[in-house]
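Chemist: Structure in structure tokens, see below.
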Amino acid sequence: MTERGRRLHVTSWSELAVGILASAGFVALATAAIAVLKAWIPILSLGALYVLAVLPIAVLWGLTLAIPAAVACVLAFNWFFLPPTHTFTLSDGENWLALAVYVVVAIVTSELAVRARRRATVAEQREREAALLASVATSLLRGEPLGNELDRISDRVAGVLHVSHARIGIPDVEQVGELVTRELSIGDRTVGAIATAPEQPLDPSVATRFLPALASLLAVAADRDELQREALEAEALRRSDAVKTAILRAVSHDLRSPLTAIHAAASGLANPELSLGDEDRAELVETIGVESARLSRLVTDLLDLSRLQAGAAEPQRALWAVEDLVALARDEMPADAPVSVGLPDNLPPVEVDAAQVRRVLANVLENALRVSPPGALVRVGAAAEHGEVVVRIEDEGPGIAATDLERVFEPFQRGSGADTYRGTGLGLAIARGFAEANGGRVWAERLTEGTAVALALPAAEPESESAE
Amino acid sequence: MSAARILVVDDEPQILRALRTNLRGAGYEVFTAATAEEALAEAAARQPDAIILDLVLPDGNGTDVCRELRSWTAAPVIVLSAVGEEKEKVEALDAGADDYVTKPFGLDELLARLRAALRRAEPGGDPVVEIGELRVDLEKRAVTLAGRRIQLTPHEFDLLALLARNPGKLLTHTAILREVWGPAYGRESHYLHVYVSQLRRKIEPDPTRPRYLLTEPGAGYRLVEPTPSIES
């Protein structure tokens with residue numbers, strides 16, 4: 001396409017040389033044809049063949065070569081065929097007229113051919129521009145983000161602009177190498193920029209016609225992208241605000257409850273007007289101790305959670321037997337906690353951070369014990385399934401609504417409804433965070449009575465040294 | 001007089017335990033409840049003289065408990081609220097709670113509120129209320145400050161009389177408006193602020209630093225015995 005578009009103008013010396021050689025070829029060809037045909041046809045009629053030679057030259061290289069070619073034709077006709085031959089003089093006056101007519105016809109025909117060619121080329125160019133704009137508009141209106149489309153659009157724009165390379169950037173184009181950039185703007189507004197190779201200047205008429213149209217399309221797309229982004233940001237902000245408010249309320253509640261107990265107990269102990277027995281005093285002191293431990297646990301939980309959310313909980317992995325991990329977690333519960341552990345013997349080991357998985361299991365266990373009705377057992381079981389070891393902790397608590405099975409893993413969610421979850425409301429969120437940091441998963445399942453919380457950890461490949 | 005009976009309602013076992021021990025040490029007879037349902041059952045069974053009620057309960061909120069209690073007992077209710085629960089607190093007060101303390105609270109503060117609530121609950125037929133140097137004769141509709149007669153408009157007097165009949169008690173905007181101006185005015189709290197500031201100009205030694213008629217931001221007003229000013 002590019003080649004054809006440029007044939008109207010002779011732009012380089014090599015092209016000029018080709019044009020001159022080809023023109024000479026056409027003139028020689030016509031001369032040879034006349035030499036052959038003059039035996040049968042009157043020579044003056046055959047002069048018209050030169051018009052046929054000039055025509056393709058005009059179409060292919062324009063008047064720059066067509067006019068010299070026409071002059072060359074006249075000279076060749078005169079030299080070879082008009083008496084006296086092999087001179088540039090004419091003996092017959094009417095031959096002058098013939099020659100003059102041929103020159104005029106050749107030049108006028110050439111000019112017409114050039115014009116037709118130019119119109120066709122301009123029409124083709126406009127059609128290409130229009131087609132490109134339409135297809136850009138279609139793809140942008142389809143709602144594809146502008147960023148994904150820019151490279152594709154740039155390549156097609158390069159074709160329309162007859163340059164080997166074009167890059168469009170919004171709001172600005174990246175400067176790579178020796179590219180010439182120009183602004184893409186509509187009115188006062190600069191939408192972006194287009195960079196093209198410096199040795200291929202843009203056709204000014206194409207640039208002034210096509211680039212503003214492209215710019216206004218890109219402006220619409222950029223505006224739409226911006227609106228979409230703002231809407232998304234606003235939504236994200238609103239959500240994160242709601243989450244923050246919920247967390248703040250929950251944290252303040254969870255911090256205040258132990259503080260209230262401590263404050264009430266301590267101010268009671270300090271009040272000389274109260275008549276407190278030794279047992280009463282011991283009880284108040286115990287309350288202060290228990291609630292201080294709870295506060296400190298909450299602070300640890302909050303730190304764990306923020307480490308997990310910041311991705312700073314790097315696990316220290318080692319090979320562990322699942323029963324050891326379960327035992328570690330069991331040890332964190334009170335000795336008399338109603339927990340029954342039944343694990344199969346053939347469980348594969350797991351490669352995890354023992355302290356973190358202990359937290360996972362301990363938090364799930366603690367939660368299960370909290371929701372269990374008095375006297376009910378919390379059961380711990382495990383199985384190897386599809387390359388994973390799945391530990392299940394089952395309680396006989398009030399159960400979780402199907403719609404809340406995922407929600408309980410969000411920070412500060414407690415089971416909804418009548419079941420009261422006491423404690424920080426962070427336990428399951430932290431359990432999930434640590435499980436995921438160790439390549440595992442945690443989820444809740446509804447049982448006919450109560451809830452099972454499952455921890456799946458990838459089973460480790462048996463170490464090769466075990467074969468030694 | 002036998003010990004006053006107090007019902008403490010909170011779902012936090014440690015708070016419940018600390019309050020029970022301390023209130024017993026202060027000479028009260030104490031019952032406890034951890035849920036809204038238990039609270040109503042205990043209140044019916046024990047007939048407490050006062051109720052300390054947490055606003056957030058696992059099976060309901062304190063406001064509903066308060067409303068339910070008010071339908072059959074006049075025992076004063078003190079709600080335990082927290083920062084961030086102002087709306088719930090005012091709702092509970094509107095529903096008939098007498099006062100509140102904000103968590104975490106010191107025992108002294110709770111005991112003071114409790115004593116004041118119990119004192120108000122005692123039947124007293126005295127038509128003359130004396131608070132500091134302020135003397136309100138409810139029958140003769142006469143008010144004196146340090147023996148000096150004070151002229152009040154009818155609404156101003158009704159407002160002061162309502163507060164004087166409930167010394168120390170926090171009265172919500174809604175409660176005052178309904179009582180003084182009538183049920184239709186329950187939401188027009190700007191009326192109230194204007195009347196309160198007029199009243200303060202007449203009864204307060206320094207209206208810019210009120211010592212009798214105190215503002216509880218976002219909740220209401222209370223008329224109190226002025227504490228001796230330290231700097232004067």
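Chemist: If neighbour count is taken as other Cβ atoms inside 10 Å, put A:LEU52, B:LEU152 in order from fewest to most.
Modeler: The order, fewest Cβ neighbours first, is A:LEU52, B:LEU152.
Chemist: Amide H neighbours of B:TYR100 under 5 Å, at least 5 residues apart or on other chains, H built in the peptide plane: list them.
Modeler: It is B:VAL79, by chain and number.
Chemist: Turning to a different aspect of this structure: In a Gaussian network model over chain B where Cα atoms closer than 10 Å are linked, find which of B:ILE150, B:ILE203, B:ILE176 has the largest mean-square fluctuation.
Modeler: B:ILE150
Chemist: Starting from the exponent 0.38 and prefactor 2.2 Å, build the expected Rg for the range A:318-467 from its residue count and divide its actual Cα Rg by it.
Modeler: On the way: Rg = 15.0 Å, N = 150, 2.2 N^0.38 = 14.8 Å.
Normalised Cα radius of gyration, the range A:318-467: 1.01.
Chemist: Show me the GluC sites (Glu not before Pro) within the range B:33-138 that DSSP assigns to loop and that have at most 14 other Cβ atoms within 10 Å of their Cβ.
Modeler: B:GLU133
Chemist: Right, something else. What FRET efficiency, computed as 1/(1 + (r/R0)^6) with R0 = 51 Å and r the Cβ-Cβ distance, is obtained for A:VAL108 and A:GLU226, rounded to the nearest 0.05? Before the final figure, lay out the partial values.
Modeler: Numbers: r = 57 Å, r/R0 = 1.12.
Plugging the Cβ-Cβ distance into 1/(1 + (r/R0)^6) gives 0.35.
Chemist: Under a Cβ-only charge scheme (Lys and Arg +1, Asp and Glu -1), can you give me the dipole magnitude of the protein assembly as shown about the Cα centre, in debye to the nearest 20?
Modeler: Around 3320 debye, computed over the protein assembly as shown.
Chemist: Continuing with this model, one more query. On a straight-distance basis, which aspartates and glutamates could pair with B:LYS89 in a cross-link, Cα separation under 14 angstrom, same-chain partners fewer than 8 positions away excluded?
Modeler: Cross-link targets: B:ASP54, B:ASP64, B:ASP98, B:ASP99, B:GLU216.
Chemist: Taking θ = phi - 60°, what integer Hz values does the Karplus form 6.51 cos²θ - 1.76 cosθ + 1.60 yield along the range A:336-348, in sequence order, with x for Gly and Pro?
Modeler: Values, residue by residue: 8, 5, x, 10, 10, 10, x, 10, x, 6, 9, 6, x Hz.
Chemist: Considering only A:GLY19, A:ALA401, A:LEU227, whose Cα is most displaced toward the positive end of the charge dipole of chain A, charges sitting on Cβ of Lys, Arg (+1) and Asp, Glu (-1)?
Modeler: The one lying farthest along the dipole's positive direction is A:GLY19.
Chemist: Using each residue's phi in the range B:50-65, evaluate 6.51 cos²θ - 1.76 cosθ + 1.60 at θ = phi - 60° and report the 3J(HN,Hα) Karplus result to the nearest Hz, with x for Gly and Pro.
Modeler: In residue order, the calculated couplings are 8, 10, 9, 10, 6, 6, 10, 10, x, 10, x, 10, x, 4, 5, 4 Hz.
Chemist: Largest first, please: the extent of the C-alpha atoms of the protein assembly as shown along each principal axis, to the nearest Å.
Modeler: 158, 95, 46
Chemist: Rounded, prolate or oblate: which fits the range A:279-357, taking a ≥ b ≥ c as square roots of the Cα gyration tensor eigenvalues, rounded meaning a/c under 1.5, else prolate when a/b beats b/c?
Modeler: oblate
Chemist: Next up: Using the charge dipole of chain A (Lys, Arg: +1 at Cβ; Asp, Glu: -1 at Cβ; taken about the Cα centre), state which of A:PHE81, A:ALA207, A:ILE194 has its Cα farthest towards the positive end.
Modeler: So the residue furthest toward the plus end is A:PHE81.
Chemist: Taking amide hydrogens as modeled 1.01 Å from N in the peptide plane, which residues meet the under 5 Å criterion relative to A:VAL173, leaving out close sequence neighbours?
Modeler: A:ALA193
Chemist: Let me ask something else about it. Tell me what chain B gives for mean residue ellipticity at 222 nm when only DSSP H runs of n ≥ 4 count, each as -39,500 (n - 2.57), the sum divided by the residue total, rounded to 500 deg cm²/dmol.
Modeler: -12500 deg cm²/dmol
Chemist: Using unit Cβ charges (K, R positive; D, E negative) and no other charged atoms, how large, in debye to the nearest 20, is the dipole of the range A:248-309 about its Cα centre? Please list the in-between numbers first.
Modeler: Working: 6 positive and 10 negative charges, 96 e Å.
The dipole of the range A:248-309 has a size of about 460 debye.
Chemist: Can you pull out the trypsin sites (Lys or Arg not before Pro) in the range A:195-275 that DSSP calls coil and that have at most 12 other Cβ atoms within 10 Å?
Modeler: The qualifying sites: there are none.
Chemist: To the nearest 0.05, what FRET efficiency results for A:ALA120 and A:THR181 with a Förster distance of 22 Å applied to their C-beta separation?
Modeler: 0.10
Chemist: Then there's this: Using θ = phi - 60° and the Karplus relation 6.51 cos²θ - 1.76 cosθ + 1.60, list the HN-Hα couplings for the range A:383-389 in order, rounded to whole Hz, with x at every Gly or Pro.
Modeler: 7, 8, 9, 6, x, 10, 9
Chemist: Say a site is exposed when it is one of the chymotrypsin sites (Phe, Trp or Tyr not before Pro), sits in a DSSP loop, and has at most 14 other Cβ atoms within 10 Å; what is then the longest site-free stretch of chain A?
Modeler: By the stated rule (loop sites, at most 14 other Cβ atoms within 10 Å), A:89-468.
Chemist: I would also like to ask the following. Report the charge-dipole magnitude of the range B:48-152 in Debye, nearest 20, computed about the Cα centre from +1 at each Lys and Arg Cβ and -1 at each Asp and Glu Cβ. Kindly include the intermediate steps, with their values, before the conclusion.
Modeler: Details: 14 positive and 20 negative charges, 116 e Å.
The calculation lands at about 560 debye.
Chemist: Which far-off residues, 5 or more places away or on another chain, put their amide H under 5 Å from the one on A:GLU388, with H placed in the peptide plane?
Modeler: Amide H neighbours of A:GLU388: A:ALA459.
Chemist: From Cα pairs below 8 angstrom and at least 6 apart in sequence, can you work out the relative contact order of chain B, rounded to a whole percent?
Modeler: 13 percent
Chemist: Can I ask one more? Which residue fluctuates most in the GNM of chain B (Cα springs below 10 Å): B:LEU145, B:LEU69, B:LEU171?
Modeler: Greatest mean-square fluctuation among the candidates belongs to B:LEU145.
Chemist: Pick out, in residue order, every one of the trypsin sites (Lys or Arg not before Pro) in the range A:106-181 that is DSSP loop and has at most 15 other C-beta atoms within 10 Å; say none if there are none.
Modeler: Filter output for the range A:106-181: A:ARG142.
Chemist: Please arrange A:ARG189, A:ARG358, A:ARG307 by counting, for each residue, the other beta carbons lying within 10 Å of its beta carbon, fewest first.
Modeler: Numbers: A:ARG189 11, A:ARG358 22, A:ARG307 16.
Ascending number of Cβ neighbours within 10 Å: A:ARG189, A:ARG307, A:ARG358.
Chemist: Which order results if B:ASP10, A:ASP172, B:ASP59, B:ASP99 are arranged by neighbouring Cβ count within 10 Å, fewest first? Please list the in-between numbers first.
Modeler: Numbers: B:ASP10 27, A:ASP172 12, B:ASP59 17, B:ASP99 21.
The order, fewest Cβ neighbours first, is A:ASP172, B:ASP59, B:ASP99, B:ASP10.
Read-outs throughout are calculated quantities, based only on the coordinates presented, and are distinct from any laboratory measurement. Keep in mind that this is a model prediction, so the values were computed, not measured. Please note: Cβ atoms are built from the backbone with ideal geometry, for glycine as well, and neighbour counts cover all protein chains shown.
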